[in-house]
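A.B. asks: Dumping the structure here so I can ask a few things about it.
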Amino acid sequence: MEKRNILVTGGAGFIGSALVDKLCKDKFNHIVVVDNLLTGHVDNLKFSSKNNLIYIKEDVNNVKEMSDIFARYGFDYIFHYAAIVGVQRTLANPIMVLNDISGLKNIMSLAKNTGVKRIFYASSSEVYGEPVELPQNEHTTPLNSRLPYAIVKNVGEAYLKSFKKEFDMEYTIFRFFNTYGPTQSREFVISKFISKALKNEDITIYGDGMQTRTFCYIDDNVDACLNAFYENKFINDVVNIGSDIEISILKLAEKVIKMTNSKSEIVFLPPLDEGDMSRRHPDIGKMRKLMGRELMDLDHGLQEVLKKSFYLLSEE
């Protein structure tokens with residue numbers, strides 16, 4: 001089998017590094033990670049002392065440097081996961097979020113000129129906005145969010161579809177719903193709740209806590225995406241990546257407190273002005289076809305996070 005040269009942008013982030021970890025286990029993969037470490041951490045890549053991983057600290061918005069990297073390595077496949085993430089960060093920095101379009105344009109333009117076979121794009125459930133149809137289906141549910149982060153993801157999807165039409169560049173779009181697991185940043189809900197609970201600190205919830213989310217364990221996310229890659233499935237298509245079991249944020253907080261035997265109190269804050277959608281519930285029929293197994297249930301997933309919760313007890 002021939003070697004695969006693979007670029008993973010944002011590969012030092014939570015989801016990106018988990019993907020890289022599993023890609024490294026295949027000796028035919030040669031992986032180059034490009035990450036500017038704005039939200040990623042190079043420590044996320046310390047799992048690998050393998051000789052098939054190279055890390056380059058660079059910003060995908062820097063077209064000159066990215067051109068040099070493409071010329072040096074001649075990529076066959078790209079996982080474009082680089083993005084500004086986090087509700088509070090994206091709401092506070094809308095211009096920075098919009099700049100992600102430049103990075104995507106750089107990646108797409110370089111890919112079409114260097115023989116890249118397929119691009120895998122990390123989109124988001126945020127493109128759906130407030131639900132008008134449940135479960136949220138990749139091809140029938142309207143994309144109606146007006147937030148900059150969601151708009152950028154929608155523009156990214158449009159770029160991929162347009163490059164396919166004009167240059168026959170193959171793609172697969174992954175719409176990620178809430179994903180969690182060990183090492184996730186404490187600005188995300190499950191890690192934040194567990195960190196607070198372990199320290200017996202107040203757990204804060206915006207609004208009444210009745211807003212619902214689904215939570216996908218990191219291994220399920222990565223396995224589904226890699227099966228699409230290795231098995232050449234859902235080419236030029238969109239796939240929801242997430243769980244289809246809803247839980248309210250209030251019930252999640254109560255569950256975490258119970259599992260950790262915490263003395264934490266739940267404190268309700270005023271609702272966010274924007275960005276806190278009332279429900280999330282994906283249609284994961286395509287993902288199930290990719291998995292070939294059952295998804296991890298939330299209780300089991302929370303236990304897996306708690307087994308490695310030492311990082312949640314450190315100072316932020």
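A.B. asks: Of the residues A12, A71, A83, which single one is farther than 19 Å from A224 by Cα and part of a helix (DSSP H, G or I)?
C.D. replies: A71
Yes or no, residue by residue, for (1) assigned by TED's automatic domain parsing to the domain that holds S17; (2) out of contact with any helix residue (DSSP H, G or I) (no Cβ under 7 Å at 6 or more places or on another chain); (3) in a strand (DSSP E or B):
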| position | (1), (2), (3) |
| --- | --- |
| S195 | no, no, no |
| T204 | no, yes, yes |
| D223 | yes, no, no |
| L226 | yes, no, no |
| F229 | yes, yes, no |
| I235 | yes, yes, no |
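A.B. asks: Please identify the pairs in which a residue from segment 51-64 that is assigned by TED's automatic domain parsing to the domain that holds L110 has its Cβ atom under 9 Å from the Cβ atom of a residue that is among the hydroxyl-bearing types (S, T, Y) and not in a loop (DSSP other than H, G, I, E, B), counting only partners at least 6 apart or on another chain.
C.D. replies: These pairs meet every condition: I54/Y73; V60/T9; V60/S102; N61/S102; V63/S102; V63/S109.
A.B. asks: Taking the criterion of being more than 26 Å from V8 (Cβ to Cβ) and of a type outside the set (V, I, T), would at least one residue in segment 226-243 satisfy it?
C.D. replies: Checked segment 226-243: no residue is more than 26 Å from V8 (Cβ to Cβ) and of a type outside the set (V, I, T).
A.B. asks: For L290, work out the one condition from (1) closer than 20 Å to C216 by Cα; (2) more than 18 Å from the chain's Cα centre (by Cα) it doesn't fulfil.
C.D. replies: So L290 meets the others, but not (2).
A.B. asks: Still on this structure, I have one more. What is the number of the single condition among (1) more than 19 Å from Y77 (Cα to Cα); (2) touching a strand residue (DSSP E or B) at 6+ places or on another chain (Cβ under 9 Å); (3) modelled with pLDDT of 95 or more that V8 does not meet?
C.D. replies: (1)
A.B. asks: Which number in (1) farther than 27 Å from N137 by Cβ; (2) touching a Ser or Thr at 6+ places or on another chain (Cβ under 9 Å); (3) among the charged types (D, E, K, R); (4) at pLDDT 95 or above marks the one condition that D297 misses?
C.D. replies: Going through (1) farther than 27 Å from N137 by Cβ; (2) touching a Ser or Thr at 6+ places or on another chain (Cβ under 9 Å); (3) among the charged types (D, E, K, R); (4) at pLDDT 95 or above one by one, D297 breaks only (1).
A.B. asks: Return a yes/no flag: does segment 127-134 have any residue that is part of a loop (DSSP other than H, G, I, E, B), of a type in the set (A, V, I, L, M) and more than 14 Å from the chain's Cα centre (by Cα).
C.D. replies: Yes: one or more hits.
A.B. asks: Further question: Go through segment 138-169 and give me each residue that's of a type in the set (K, R) and under 18 Å from H80 (Cβ atoms).
C.D. replies: Answer for segment 138-169, where residues must be of a type in the set (K, R) and under 18 Å from H80 (Cβ atoms): K153, K161, K164.
A.B. asks: Select, from F188, F215, the only residue that is surrounded by fewer than 23 Cβ atoms within 10 Å (Cβ to Cβ), under 16 Å from S124 (Cβ atoms) and either among the aromatic types (F, W, Y) or touching an Asp or Glu at 6+ places or on another chain (Cβ under 9 Å) (or both).
C.D. replies: The conditions single out F188.
A.B. asks: Name the one entry in Y81, Y121 that is touching a Phe, Trp or Tyr at 6+ places or on another chain (Cβ under 7 Å), modelled with pLDDT of 95 or more and either of a type in the set (F, W, Y) or under 14 Å from N36 (Cβ atoms) (or both).
C.D. replies: Criteria check complete, one pass: Y121.
A.B. asks: When you check D237 against the structure, is it acidic (D, E), without any contact (Cβ under 8 Å) to a residue 12 or more places away in the chain and more than 27 Å from N44 (Cα to Cα), yes or no?
C.D. replies: No.
A.B. asks: Turning to a different aspect of this structure: Please determine whether any residue of segment 259-280 is surrounded by 19 or more Cβ atoms within 10 Å (Cβ to Cβ), not assigned by TED's automatic domain parsing to the domain that holds H139 and not in a loop (DSSP other than H, G, I, E, B).
C.D. replies: No, segment 259-280 has no match at all.
A.B. asks: Restricting attention to segment 135-164, and to residues there that are charged (D, E, K, R) and surrounded by 16 or more Cβ atoms within 10 Å (Cβ to Cβ), which single residue is nearest to V97 (Cα to Cα)?
C.D. replies: Ranking the qualifying residues of segment 135-164, first place goes to K153.
A.B. asks: In the list A83, A158, A150, which residue meets the criterion of being more than 16 Å from the chain's Cα centre (by Cα), assigned by TED's automatic domain parsing to the domain that holds V32 and of a type in the set (A, V, I, L, M)?
C.D. replies: A158
The values are calculated or read from the model by the stated rules, or taken from the named source; none is laboratory data. Keep in mind that this is a model prediction, so the values were computed, not measured. Cβ atoms come from the backbone with ideal geometry, glycine included; neighbour counts cover every protein chain shown.
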